[in-house]
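Read through the structure below, which is laid out as structure tokens, and then see the notes.
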Amino acid sequence: MRLNRRVWCSFVFVAGEVSGIMISISKWKCSWSLMATIASIVALVSVVHLFLFPVVPSFDPFSVRKVQDSCGPNNESVDGRTGHDPGNLQPVLDLEHKFPADLHRAVVYRNAPWKAEIGRWLSGCDAVTKEVSVVETISGRSCKNDCGGQGVCNYELGQCRCFHGFSGEGCSERLHLECNYPKSPELPYGRWVVSICSAHCDPTRAMCFCGEGTKYPNRPAAETCGFQLSLPSEPGAPRQVDWAKPDVDIYTTNKSKLGWCNVDPAEGYANKVKFKEECDCKYDCLSGRFCEVPVLCSCINQCSGHGHCRGGFCQCANGWYGTDCSIPSVTSSVREWPQWLRPAQLDVPDNAHLTGKLVDLNAVVKKKRPLIYVYDLPPKFNSLLLEGRHFKFECVNRLYNDNNATIWTDQLYGAQMALYESILASPHRTLNGEEADFFFVPVLDSCIITRADDAPHLSMEQHLGLRSSLTLEFYRKAYDHIVEHYPFWNRSSGRDHIWSFSWDEGACYAPKEIWNSMMVVHWGNTNSKHNHSTTAYWADNWDKISSDRRGKHPCFDPDKDLVLPAWKRPDVIALSTKLWARPLEKRKTLFYFNGNLGPAYPNGRPEALYSMGIRQKLAEEFGSTPNKDGNLGKQHAENVIVSPLRSERYHEDLASSVFCGVMPGDGWSGRMEDSILQGCIPVVIQDGIYLPYENVLNYESFAVRILEDEIPNLIKILQGFNETEIENKLTSVQKIWQRFLYRDSMLLEAERQKNAFGYVEDWAVEFLRLTEDDVFATFVQVLHYKLHNDPWRRQLGSQKKDFGLPQECLMRTS
């Protein structure tokens, strides 16, 4: 037989499950050598699997399944009926009588009091959801030059996601990102900007370091560190920075001068040498007083174990991609696939041998709806913002100490990162846009706003200095990208898409193009009363943004959007002492509010618009701390605390109170979360502005709402509740408090730390004891309800999908 002669065969072969993966090769015409090679590989993998993995119940390993040419969904319902035409359904499940509402018109599902219609559907339908078979596509498109080692290949699109400072089709173009604005005779380093640098500028990230010629060239010399400071103008005043004069003493080797770039850490700690106090370790990935300790950087899901975190950008291992390196390509090891893709039955296409090129593979996975597709956006919308941040605490909810142990931060905007991480690691995630029920667009506005104007390449000169305008532009460009590269937006005009807005006024500055979508925010202003920008910080004001760009939409639409809780740092003491469970008899304070009360108080916010004047009105009536004039509130009382003085026992004080005030700051504040997490009944005072879950949960069951005009009557209103009513509300708070925690994201981190170090920290121990639904579980429940009850879906008509529900739970088309 000549060497180039091919002998073909046809056969059917099914291999057993390999680490949660079942391989199915059907009617494959192949050469004998290729067949033998595949058989050898399967045999080897199967043997390795038997030694390394227990048998996981899945599909029947002895069945033979024909490979479908189409990735179309299976329309057979869980009870064996086909078609699923909602237009022909007759309701047979009487949810209203089976799940009656209580006296507050709530229906309780999984310990939470929902609005009646939502609670009924969840109780009757969400609770009985079955798994469905979903075809997940494992992609294998290559990228130019494999991105040249300066980026990550998106194997779905065949596009490179380039690291900071690199660009182009194959990441071959090196960018030059200046630290400084153009110089002038008066300002040789340009006007001030966060990235301003008198030392060595790294042009790939616009970051400032000591540079070559120093003992520690990679030590940050950022901002104030590199410039001269003048003496205070008066005692107690801060020193002034002269941004025109570099401080050459930071390079000194004279131990009696205030050095930095040549200071030996051991001598510095031993006080044998002087050093400039204004120099510190602003950048991520470094720790120690002299930035001498390399530590873990903060990345989305810490790259899921399939990559290296480089300052916020995941550099994925070969065969993996995505913002958190969680998506496998066809060259990845199936043994390492994430849990949300396992167990799976893997199909090898009939023509895989013909081209000799990598081809997409189909993996059939059992999942429960709702299913969420996550766009792998270009990194300028997320990873680059993280990699280039000039202050390590910006827009992340955790850092790492010298021992690489987790340090949770108080970054209020960290909820955006937590939600993103949970979605990426969730069993509700899908790679199949055809099967997806929702589409998540991961733009990190928490990073955009904190980084606005922090370097020349993020200038706001074209946005009149408005961070809100710059952020709107980012979202519009993300919209342009998904419309250009994906087919999913136009199918619903974006109504099944989800956008996260974490900043003070939420989606107020959303571009008009995306307003049809679901907005996930912390600020639920319907603009029914406060119909303008409510922030006192001018750079975030959105009133001046043209309607040509923003449109005329409100900030929040309760019919389609959702308010989620803000991020709160895990508090081990509060959890271990169960402050949330403190009974009524131990709560001696009737009403409590501790926070900034505006210009009438020392160190108060000077703007009259701060908090829309609500906190100021409260203080005028019930202030328990003297204002600048030495006056208390007109109705101050012993068991009412309204004070701007931050208590060192803040959580304890909340847990010792019956009612706690919830009012805005510059937009939303975290007072609702503080109240609930300490078991205190929230008293909401902000007209027309929704709080977390307020359009889905029944607030009357656990909270009190009063109008802003009723502030003078606050205490009379609260005293009007009898003990039984108060006990009922406290009981409800104690049942829902975990829905205000991002426990899922925290447990993902606990699992990573356990895998890395073999133990769990105190915060993880406490969170592992919690069993009720958290923020992410609530979010998924809301999506499931919306999937079958949003009116716009009814207008689209029948959806040829298997929803894993009884027919009576499915939406009827009009």
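The values are calculated or read from the model by the stated rules, or taken from the named source; none is laboratory data. From a predicted model like this one, the values you see are computed outputs, not experimental measurements. Counting neighbours? That spans all protein chains shown, and the Cβs are built from the backbone with ideal geometry, glycine included. Heavy atoms of the whole protein, side chains included, go into the accessibility calculation; ligands, DNA and RNA do not. Shrake-Rupley method; radii C 1.70, N 1.55, O 1.52, S 1.80 Å.
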Check: Would you call Val128 within 30 Å of Gln315 (Cβ to Cβ) and among the aliphatic types (A, V, I, L, M)?
Finding: no
Notebook entry, point to check: Out of curiosity, is Gln616 at pLDDT 95 or above, in a helix (DSSP H, G or I) and under 18 Å from Val683 (Cβ atoms)?
Noted result: yes
Check: Taking the condition open to solvent by 20 Å² or more (accessible area, probe 1.4 Å) and of a type outside the set (A, V, I, L, M, F, W, C), does Thr409 pass?
Finding: no
Notebook entry, point to check: Would it be correct to say that Thr137 is in contact with a Leu (Cβ under 7 Å, 6 or more places away or on another chain), open to solvent by less than 70 Å² (accessible area, probe 1.4 Å) and over 28 Å from Trp320 (Cα atoms)?
Noted result: no
Check: Which of the residues that make up the range 402-416 are among the hydrophobic types (A, V, I, L, M, F, W, C) and either under 12 Å from Glu749 (Cα atoms) or at pLDDT below 95 (or both)?
Finding: Ala405, Ile407, Trp408, Leu412
Checklist line | Residue count, the range 741-768 (criterion: open to solvent by 10 Å² or more (accessible area, probe 1.4 Å), of a type in the set (Asp, Glu) and in contact (Cβ under 8 Å) with a residue 24 or more places away in the chain) | finding: 4
Check: Looking only at the range 695-713, which residues are open to solvent by 20 Å² or more (accessible area, probe 1.4 Å), out of contact with any Lys or Arg (no Cβ under 8 Å at 6 or more places or on another chain) and not polar (S, T, N, Q)?
Finding: Arg705, Leu707, Asp709, Glu710, Pro712
Next item on the list: For the range 198-253, please list each of the strands (runs of 3 or more DSSP E) lying entirely inside it that holds at least 2 residues being of a type outside the set (S, T, N, Q) and open to solvent by 40 Å² or more (accessible area, probe 1.4 Å).
Entry: 240-246
Item checked: Residues of the range 446-492 satisfying the condition of being open to solvent by less than 40 Å² (accessible area, probe 1.4 Å) and β-branched (Val, Ile, Thr) -> Ile448, Ile449, Thr450, Thr471, Ile482
Next item on the list: Residue by residue through the range 100-143, note down the ones that are assigned to a loop (DSSP other than H, G, I, E, B) and farther than 24 Å from Lys560 by Cβ.
Entry: Pro100, Asp102, Leu103, His104, Asn111, Lys130, Glu131, Ser139, Gly140, Arg141, Ser142, Cys143
Note to self: Given the criteria closer than 28 Å to Tyr537 by Cβ and among the small types (Gly, Ala, Ser), does Gly630 qualify?
What the structure shows: no
Note to self: Please pick out the residue among Tyr690, Tyr759 that is in contact with a Gly (Cβ under 9 Å, 6 or more places away or on another chain) and of a type in the set (Ser, Thr, Tyr).
What the structure shows: Tyr690
Next item on the list: Say whether the condition of being buried (at least 20 other Cβ atoms within 10 Å of the Cβ), part of a helix (DSSP H, G or I) and of a type in the set (S, T, N, Q) is met by at least one residue in the range 791-807.
Entry: yes
Notebook entry, point to check: Restricting to strands (runs of 3 or more DSSP E) lying wholly in the range 351-458: which have 2 or more residues that are over 17 Å from the mean Cα position of the chain (by Cα) and farther than 30 Å from Cys179 by Cα?
Noted result: 361-367
Margin query: So if I check each of Ile715, Ile706, Ile711, which one is hydrophobic (A, V, I, L, M, F, W, C), over 25 Å from Asp504 (Cβ atoms) and out of contact with any strand residue (DSSP E or B) (no Cβ under 6 Å at 6 or more places or on another chain)?
Written below: Ile715
Item checked: Residue list for the range 292-317, restricted to those being on the phi > 0 side of the Ramachandran plot and in contact with a helix residue (DSSP H, G or I) (Cβ under 9 Å, 6 or more places away or on another chain) -> Asn301, Gln302, Ser304, Gly305, Gly311, Gly312
Notebook entry, point to check: Looking at His651, His636, which is the one that is assigned by the TED database to the domain that holds Gly604, under 25 Å from Trp737 (Cα atoms), open to solvent by 10 Å² or more (accessible area, probe 1.4 Å) and not hydroxyl-bearing (Ser, Thr, Tyr)?
Noted result: His651
Next item on the list: Just need a number here: residues in the range 478-501 that are in a helix (DSSP H, G or I) and without any contact (Cβ under 8 Å) to a residue 60 or more places away in the chain.
Entry: 7
Item checked: In the range 285-312, residue nearest to Gly149 (Cα to Cα) [restricted to those that are among the hydrophobic types (A, V, I, L, M, F, W, C) and open to solvent by 10 Å² or more (accessible area, probe 1.4 Å)] -> Cys309
Item checked: Identity of the residue in the range 265-284, open to solvent by less than 40 Å² (accessible area, probe 1.4 Å) and not in a helix (DSSP H, G or I), that ends up nearest to Ser230 (Cα to Cα) -> Lys276
Note to self: Regarding the range 512-534, can at least one residue be identified that is of a type outside the set (Val, Ile, Thr), touching a Lys or Arg at 6+ places or on another chain (Cβ under 6 Å), at pLDDT below 95 and open to solvent by less than 40 Å² (accessible area, probe 1.4 Å)?
What the structure shows: no
Check: Has the range 149-170 got any residue that is out of contact with any Lys or Arg (no Cβ under 9 Å at 6 or more places or on another chain) and surrounded by fewer than 22 Cβ atoms within 10 Å (Cβ to Cβ)?
Finding: yes
Item checked: Pair list, Cβ under 7 Å, 6 or more apart: the range 141-164 residue closer than 20 Å to Ile482 by Cβ and among the hydroxyl-bearing types (Ser, Thr, Tyr), other residue buried (at least 17 other Cβ atoms within 10 Å of the Cβ) and at pLDDT 95 or above -> Tyr155/Tyr321; Tyr155/Ser329
Notebook entry, point to check: Within the range 619-633, how many residues turn out to be open to solvent by 30 Å² or more (accessible area, probe 1.4 Å) and either among the basic types (Lys, Arg) or assigned to a loop (DSSP other than H, G, I, E, B) (or both)?
Noted result: 8
Checklist line | Matching residues, the range 545-580, being farther than 17 Å from Leu770 by Cα and either touching a His at 6+ places or on another chain (Cβ under 8 Å) or loosely packed, with under 14 Cβ neighbours inside 10 Å (or both) | finding: Ser546, Ser547, Asp548, Lys552, Asp559, Val563, Leu564, Pro565, Ala566
